[in-house]
Amino acid sequence: IQVCQVRPACSQVYSFFHSADPSACRLEPLLEKRFHLLPPFSVPRYQRYPLGDGRSHQLGDAIHNHSALFLENSSLNIPFSQEGPGSPNTSDQPQGKTRKLSLASTNSENSGSTESLPSAYLTNITTKWWGTKRIDYALYCPDVLTAFPTVALPHLFHASYWESTDVVAFILRQVMRYENVNFKENDNLDPATLSPSNPREKWLRKRTHVKLRNVTANHRANDVIAAEDGPQVLVGRFMYGPLDMVALTGEKVDIFIMTEPSSGRWVYFDTEISNSSGRISYNIPKQKRLRVGVYPIKMVVRGDQSSAASYLTVLPRGMECVVFSIDGSFAASVSIMGSDPKVRAGAVDVVRHWQDLGYLIIYITGRPDMQKQRVVSWLSQHNFPQGMIFFSDGLVHDPLRQKTIFLRNLMQECHIKICAAYGSMKDISVYNVLALSPSQIYIVGRSTKKYQAQCQFLSEGYAAHLASLEFSLHSRPKKNNSRMILRKGSFGLHSQPEFLRKRNHLRRTMSVQQPDPPSSNPKPERAQSQPESDKDHDRHLPSIAWVRGGVHKFESVP
């Protein structure tokens, strides 16, 4: 069989194996014979290079870097038995040592290779290759394994493959196309931060390594609203373990801001040292303050590359906004830590209605900030429009008072105007203190005589309320501040409403009143429960303004 004429039904093939595995075999020499002269690409160790070691595994780069091996030179005709993992000639000695010898000899011969290959020869290799990258990838193999019986090695390697963080990190970098992202776009960028070619730094305190053993990160950074001519202060807290068992004390945290969200480029601003409670506070210098807009923020821990994501929104004076209490106005059932609560029918449509009119959406909750990742995942799961989210600072005795203080400070310091506010009956006192009129306060639930004159009850649900908003004067496009352009979208999703409505698996919590076809028993669509593994990880990695992504930004979203 001519292997080079066989094309797999995929764009790229990756062949992983351990160097000492007697059952391993290489694929590259089957496509091009001279590739037996090249060592397989060694997968970087995740513990030392969590973002990759910066080496390119593109096919073109590999051929260029080892061009001398592909030229017609009799001195380079090395026997195939030196590199073949399953070669019978190597049965007399351990596999790992044989590979290391061939690697060393090949690397010494490749040094100083600057000759170029004919373009026809390169084309001949690339046309029959199974993708655009290297195919053979060797995993880390400890020397101690050479003492194990040869019969036991294949089973041992097979089991360790599925538990290898090196493999998982490598695959994620390919899927997310992260290795093509360049963080050094700004002259002021610290070369030791977010660079794939640099390993993790050591902790400043020796105790930190012991404290953080076997605990997962639960970092969070507060969304910040700042006035156009006011101070811009970023706040983050770096904790580990459930219920904030361990605080990151006295360690470096790098601060990055995507100053031009459309470009997807992170700019390094400064490095702060966390205090005894795991907090950092950074006041952006006056000469670096950002103009009106929405900017993704990322705070990265130097020691383990874990991060916290948030948004900085710089507003002009008089910006109009709509406030939603998450637990009071959205949730139809109570669930603090367990399965996700149900969403009231039509709630997403009402929030999207205000967003389409140009208002800034503010989500507020009395929950502690340690639940930020869980709450953001819940909003993302149910396709809520993007907005600023604010939590209580830890466990507080009176969350309603904290809501009042926070919203009052926004109105006084950032000069925003609250045009409408949604919540439960508990939130009526909060909105009354802010001097909102009864026509601006919308309360979900049954009407009561005690509060009837202080608010408007949505006793018929969000669907009827949305109809009244669309066909009455209760809602209008925002008046001023045309400079402020807010990107429309949902948590962790593209800002393309047509795309969202076409996909069935993303149509969540739509209104119960559908014009056609009619239904005798209309029931709201409900999203499936999110797996616990997804809930515990933030989908941050913000990529552009108004798009919360995942964990780290891997690829820009236009």
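Descriptive notes on the structure:
- Sorted on the mean count of surrounding Cβ atoms within 10 Å across their residues, most packed first, peptides 15-23, 380-388 read 380-388, 15-23.
- Nearest-0.05 FRET efficiency for Val175 and Lys206, computed from C-beta distance (R0 60 Å): 0.95
- In this structure, the pairs whose alpha-carbon distance is over 21 Å, taken from Lys342/Lys372; Lys252/Lys403; Lys286/Lys403; Lys403/Lys426, are Lys252/Lys403; Lys286/Lys403.
- Protection proxy ranking, highest mean first, for peptides 143-155, 403-415: 403-415, 143-155, where packing is the per-residue count of other beta-carbon atoms within 10 Å, averaged.
- Additional length obtainable on full extension of the chain from Leu400 to Leu31, 0.36 nm per residue less Cα span: 126.0 nm
- Exposure of Arg34 as accessible area (Å², to 10), given a probe of 1.4 Å and all protein chains: 40
- A probe of 1.4 angstrom, applied to the heavy atoms of all protein chains, finds Arg213 with accessible area near 140 square angstrom.
- For the range 344-402: rounded, prolate or oblate by the Cα gyration tensor [a/c cutoff 1.5]: prolate
- Probe 1.4 Å, all protein chains present, accessible-area order of Thr132, Thr165, Thr271, largest first: Thr132, Thr165, Thr271
- Positive dipole terminus of the range 198-315, leading residue within Asn275, Gln232, Ser310 (C-beta point charges): Asn275
- Solvent-accessible area of Ile273, all protein chains in place: 90 Å² (probe radius 1.4 Å, heavy atoms, ligands and nucleic acids excluded).
The values are calculated or read from the model by the stated rules, or taken from the named source; none is laboratory data. Just so we're clear, the structure is a prediction, and the values are computed from it rather than from any experiment. Virtual Cβ from ideal backbone geometry, glycine too; neighbours counted across all protein chains shown. Calculation scope for accessible area: heavy atoms of the full protein, side chains included, ligands and nucleic acids excluded. Shrake-Rupley method; radii C 1.70, N 1.55, O 1.52, S 1.80 Å.
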